[in-house]
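Have a look at the structure below, then the notes.
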Amino acid sequence: MTEQGFSVAEIDTARPHPARMYDFYLGGKDNYEVDREAAQRVIDLAPQIVPMARANRAFMHRAVRFLAEKGIRQIIDIGTGIPTAPNTHQVAHEVSPEVRVAYVDNDPIVATHAGAHLLDAGNTGFFLGDLRDPESILGHPTIGELIDFDQPIGLMLVAILHFIRDDEDPAGLVAAYCDALPAGSYLVLSHGTNDFHQTDAKSSQARDVYRDRGATATLNLRSYEQVLGFFRDLELVEPGLVQPPLWHHEGPEPTTEELARIGFYSGVGIKR
Ligand SMILES: C[S@@+](CC[C@H](N)C(=O)[O-])C[C@H]1O[C@@H](n2cnc3c(N)ncnc32)[C@H](O)[C@@H]1O
């Protein structure tokens, strides 16, 4: 075990993992043959996965900058993913080097890269934790060191909730985290959806790749109403819950054709 409390021996390279498949979609190198094979199968069936992953990551960057510009100086990023620059703290530090970021993921491979890429700047910490266990995450010593629950917090649940099944009560989990946040805190959330494409045989097969390859998580795509429900009594900031390229978009207006490929919702809510 390292001082962060994780062990590299826990990495399971026999089964594809969504974090490493996502890294492959983003063009990263931190994935194994088993991940590349599963990810390529998904790409063959649903090529939109690549622009979708990149649009989601770009949303995350804009949302972190937004939070930092609004004065948020502490962020909890659950479902960090394999580090791909710029990471949350790097984006936030462009606005203020004072921003503290607690990174959490349940994949040991994320942990192996955390030291070099997430803990390089001070003001950051990483630990292995599971979103489905809010008590352990919120009570973790790293959170205790970095996060002051009397000051507004940015909570990032970006592209993670679709790995939580309905019977695991994703809405209840989000509520458990949000209840712990003080007023003035923000929730940054994105989530996969089928609302923008018909579910054809190929997209169902793509979804099944996660399950059939024994991936450690299944994909649970949700509708606008279901994703909106995660914000509960938070107030959505403009422009509300939209496809990632439409959230504070930069550059040219996304085309209808581009948007048709992005089966994702993204939004930022503030706790009043
Ligand atoms: C698609 S990646 C998203 C990475 C990053 N948030 C982004 O949007 O660019 C999803 C991440 O969530 C992590 N994850 C999935 N289920 C989790 C859980 N129950 N608890 C903690 N992390 C989880 C995966 O290991 C993976 O790193």
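The numbers here are math on the coordinates, done by the rules we state, and not lab data. On a predicted model such as this, the values are computed, not experimentally measured, just so you know. Note: ideal-geometry Cβ built from the backbone for every residue, glycine included; neighbour counts use all protein chains shown.
Could you compute the net charge surrounding L26? Neighbours are other residues with a C-beta less than 9 Å from the C-beta of L26; K and R count +1, D and E count -1.
Working: positive: R54, R57; negative: D23.
Here the charged neighbours net out to +1.
Distance from the Cα centroid of the stretch 66-142 to that of the stretch 196-272 is 22 Å (rounded to whole angstrom).
When T256, T88, T80, T13 are arranged by Cβ crowding within 10 Å, least crowded first, meaning fewest neighbours, the order is T256, T13, T80, T88. Each residue, R165 and T255, gets one label point 7 Å from its Cα in the Cβ direction; the gap between the two is 4.1 nm.
What does the convex hull of the Cα atoms come to per residue for the chain, in Å³? Write down the numbers at each step before the final one.
Values: hull volume 32.8 nm³, N = 272.
Taking only Cα atoms, the chain has a hull volume of 121 Å³ per residue.
Can you tell which of D195, D179, D130 shows the greatest fluctuation in a Gaussian network model of the chain with Cα springs below 10 Å? Maximum fluctuation in the GNM of the chain, among the listed residues, is at D179. Within the shell defined by Cβ-Cβ distances under 13 Å, the residues around P182 carry a net charge of 0, with Lys and Arg each +1 and Asp and Glu each -1. Here the sum of -39500 (n - 2.57) over DSSP H runs of 4 or more residues, divided by the residues of the chain, equals -11000 deg cm²/dmol at 222 nm, to the nearest 500. When you filter the GluC sites (Glu not before Pro) in the stretch 206-269 for DSSP loop state and at most 12 other Cβ atoms inside 10 Å of their Cβ, you are left with E250. Name the shape class, rounded, prolate or oblate, that the alpha-carbon gyration tensor gives for the stretch 129-272, where a ≥ b ≥ c are the square roots of its eigenvalues, rounded holds for a/c under 1.5, and otherwise prolate holds if a/b is larger than b/c and oblate otherwise. Oblate is the answer for the stretch 129-272, as a/c is 1.5 or above yet b/c matches or exceeds a/b.
For L259, what is the net charge nearby, where nearby means another residue's Cβ is under 13 Å from its Cβ and Lys, Arg count +1, Asp, Glu -1?
Net charge in that neighbourhood comes out at -3.
State whether the stretch 31-116 is rounded, prolate or oblate according to the following rule on the C-alpha gyration tensor (a ≥ b ≥ c being the square roots of its eigenvalues): a/c under 1.5 gives rounded; otherwise a/b larger than b/c gives prolate, and the remaining case gives oblate. Because a/c hits 1.5 or more and a/b fails to exceed b/c, the stretch 31-116 counts as oblate.
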